[in-house]
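The values are calculated or read from the model by the stated rules, or taken from the named source; none is laboratory data. Predicted model, so just to flag it, every value in this text is computed and none were measured. Counting neighbours? That spans all protein chains shown, and the Cβs are built from the backbone with ideal geometry, glycine included.
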């Protein structure tokens with residue numbers, strides 16, 4: 001198990017290989033479709049972003065409301081490909097890891113290679129379990145988006161697998177090659 005401290009250093013990202021099991025510690029931001037659209041529009045307009053993308057990890061999640069006494073509700077990943085139209089631009093501006101479930105487009109995979117970033121996959125359907133690795137959550141941008149607002153999460157031992165690495169490797173091809181499918 002490889003420990004990643006967020007924000008990520010470039011050399012830590014580049015040493016990761018598809019299939020590596022990791023645990024993430026530190027600051028992770030949440031964002032889904034609408035937040036991604038706003039971030040990219042801000043970049044297009046030359047505006048300052050509400051979060052620092054340098055070395056950042058964005059987790060594709062829209063957590064459920066927290067129950068009394070809890071930091072956050074269920075926090076399972078959403079489908080990563082929904083962010084594909086926006087991810088290359090954010091990666092080009094310093095984002096070093098995305099995290100969600102499922103495949104990424106060729107354009108995203110090219111951006112990962114070009115800028116030295118990775119995509120991490122985490123457990124779909126396990127939102128309640130994953131929320132136990134989140135020790136604090138605070139809305140930092142686009143509060144009007146509700147569950148899709150950008151949150152700053154502090155995570156401890158958040159489990160994931162490197163699905164796509166910065167060298168072009170991907171775990172899905174590895175699995176297909178091993179199974180012969």
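Figures for the structure shown
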read-out: Count - residues of the range 3-21 that are out of contact with any helix residue (DSSP H, G or I) (no Cβ under 8 Å at 6 or more places or on another chain) and in a loop (DSSP other than H, G, I, E, B); value: 7
read-out: The range 104-128, residues that are more than 13 Å from the chain's Cα centre (by Cα), more than 21 Å from residue 54 (Cα to Cα) and in contact (Cβ under 8 Å) with a residue 40 or more places away in the chain; value: 124, 125, 126, 127, 128
read-out: Checklist (1) in a helix (DSSP H, G or I); (2) touching a residue at least 60 places away in the same chain (Cβ under 8 Å); (3) more than 18 Å from residue 153 (Cα to Cα) applied to residue 35, failing item; value: (3)
read-out: Near pairs, Cβ below 9 angstrom, 6+ apart or cross-chain, from the range 129-155 (on the phi > 0 side of the Ramachandran plot) to any residue that is outside any helix (DSSP H, G or I) and surrounded by fewer than 17 Cβ atoms within 10 Å (Cβ to Cβ); value: 142/50
read-out: Residues located in the range 115-140, provided they are in a loop (DSSP other than H, G, I, E, B) and either at pLDDT below 95 or more than 27 Å from residue 93 (Cα to Cα) (or both); value: 122, 123, 124, 125, 126, 132, 133
read-out: Residue within the range 94-117 that is surrounded by fewer than 14 Cβ atoms within 10 Å (Cβ to Cβ) and either in contact with a strand residue (DSSP E or B) (Cβ under 8 Å, 6 or more places away or on another chain) or within 15 Å of residue 8 (Cβ to Cβ) (or both) present; value: no
